1. When you go through (1) within 14 Å of another protein chain (Cβ to nearest Cβ); (2) among the polar types (S, T, N, Q); (3) touching a residue at least 60 places away in the same chain (Cβ under 8 Å) one by one for A:Q100, which number turns out not to apply?
2. Hand me the list of strands (runs of 3 or more DSSP E) wholly inside the stretch A:1-71 holding 3 or more residues that are among the charged types (D, E, K, R), without any contact (Cβ under 8 Å) to a residue 60 or more places away in the chain and within 12 Å of another protein chain (Cβ to nearest Cβ).
3. Against the condition within 11 Å of chain A (Cβ to nearest Cβ), among the acidic types (D, E) and free of Cβ contacts under 8 Å to residues at least 40 places away in the same chain, how does B:E102 come out, does it pass?
4. Go through (1) closer than 24 Å to A:A93 by Cα; (2) without any contact (Cβ under 8 Å) to a residue 40 or more places away in the chain; (3) buried (at least 19 other Cβ atoms within 10 Å of the Cβ) for B:V32 and report which single condition fails.
5. Has the stretch B:12-27 got at least one residue that is within 11 Å of chain A (Cβ to nearest Cβ), of a type outside the set (S, T, Y) and touching a residue at least 24 places away in the same chain (Cβ under 8 Å)?
6. If you take the residues of the stretch B:10-61 that are of a type in the set (A, V, I, L, M) and out of contact with any Lys or Arg (no Cβ under 6 Å at 6 or more places or on another chain), which of them is nearest to A:Y37 (Cα to Cα)?
7. Out of all the residues in the stretch B:45-56, is one or more farther than 28 Å from A:N52 by Cα, surrounded by fewer than 12 Cβ atoms within 10 Å (Cβ to Cβ) and more than 12 Å from the chain's Cα centre (by Cα)?
Amino acid sequence: AQKVTQAQTEISVVEKEDVTLDCVYETRDTTYYLFWYKQPPSGELVFLIRRNSFDEQNEISGRYSWNFQKSTSSFNFTITASQVVDSAVYFCALSEAGAQKLVFGQGTRLTINP
Amino acid sequence: KAGVTQTPRYLIKTRGQQVTLSCSPISGHRSVSWYQQTPGQGLQFLFEYFSETQRNKGNFPGRFSGRQFSNSRSEMNVSTLELGDSALYLCASSLGTVLHTEAFFGQGTRLTVV
């Protein structure tokens, strides 16, 4: 069975601090896909990144970076020099090959204080 | 390029009634998925449609149903509404290929059952 765990329910930091959101997943498949989404107060889920199980390269996009480690089944997300606009709920999700179905973690509510 | 459009944005219904929600995917996207988001259960997959066929289904009772039209627009229906059906219903569209390209979400329909 697939499962995604985001152990951090809420994180609050001061602007310009770096913050890492943790994501641990479980799957029996060797081919799978991992995602991060951001949900601002408006409710829409905004796509941030997609990673397949064969690509363990870390990725950096501006102030965002992702660390994928198959050995620990983790796909962590770091925001460098956080800004107030980064405040949102962040979801990590998993989908297995052959099923267009996302299994989401419970989400981490991130608050960046000025 | 227009995003995913969900209508209506808000709905208030009475227990026992039925409701139909609509989703227009991004042009060219053939896969439409539906998710229910509640504070207690988080984001849960309802079903996915591809080329007018239900391709995947989550663990929801038969009161929850959906369909997809030839233009890829999708509707979901909930019959005999219960208080516990109050939730944000999110629709996602994607290409639906085996590469599991990212899903783009609409702003959701917030359903309140009283």
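Any read-out appearing in this document is the output of simple, stated calculations on the displayed coordinates, not a laboratory observation. Just so you know, these numbers come straight off a predicted model, no measurement behind them. Note that we place each Cβ from the backbone using ideal geometry, even for glycine, and neighbour counts take in every protein chain shown.
1. The failed condition is (3).
2. Details: elements: A:3-5, A:10-14, A:19-21, A:24-26, A:32-39, A:46-52, A:59-61, A:64-69.
Where strands (runs of 3 or more DSSP E) fall fully within the stretch A:1-71, none carries at least 3 residues being among the charged types (D, E, K, R), without any contact (Cβ under 8 Å) to a residue 60 or more places away in the chain and within 12 Å of another protein chain (Cβ to nearest Cβ).
3. Numbers: within 11 Å of chain A (Cβ to nearest Cβ): yes; among the acidic types (D, E): yes; free of Cβ contacts under 8 Å to residues at least 40 places away in the same chain: yes.
Yes; evaluated as a whole, the condition is true for this residue.
4. B:V32 satisfies every listed condition except (2).
5. The first filter runs over the stretch B:12-27 and keeps only residues within 11 Å of chain A (Cβ to nearest Cβ), leaving none.
No, the stretch B:12-27 has no match at all.
6. Let us first name the residues in the stretch B:10-61 that are of a type in the set (A, V, I, L, M), namely B:11-12, B:19, B:21, B:26, B:32, B:43, B:46.
Retained after the next criterion (residues that are out of contact with any Lys or Arg (no Cβ under 6 Å at 6 or more places or on another chain)): B:11-12, B:21, B:26, B:32, B:43, B:46.
Working: B:L11: 25, B:I12: 28, B:L21: 23, B:I26: 18, B:V32: 17, B:L43: 12, B:L46: 18 Å.
Filtering the stretch B:10-61 for residues that are of a type in the set (A, V, I, L, M) and out of contact with any Lys or Arg (no Cβ under 6 Å at 6 or more places or on another chain), the one nearest to A:Y37 (Cα to Cα) comes out as B:L43.
7. The initial filter retains those residues of the stretch B:45-56 that are farther than 28 Å from A:N52 by Cα, namely none.
Looking for residues that are farther than 28 Å from A:N52 by Cα, surrounded by fewer than 12 Cβ atoms within 10 Å (Cβ to Cβ) and more than 12 Å from the chain's Cα centre (by Cα), one finds none in the stretch B:45-56, hence no.
For every residue, the table says whether it meets (1) touching a His at 6+ places or on another chain (Cβ under 8 Å); (2) β-branched (V, I, T); (3) closer than 30 Å to B:T38 by Cβ.
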residue: A:D29; (1), (2), (3): no, no, yes
residue: A:Y33; (1), (2), (3): yes, no, yes
residue: A:W36; (1), (2), (3): no, no, yes
residue: A:L48; (1), (2), (3): no, no, yes
residue: A:R51; (1), (2), (3): no, no, yes
residue: A:D55; (1), (2), (3): no, no, no
residue: A:E59; (1), (2), (3): no, no, no
residue: A:S65; (1), (2), (3): no, no, no
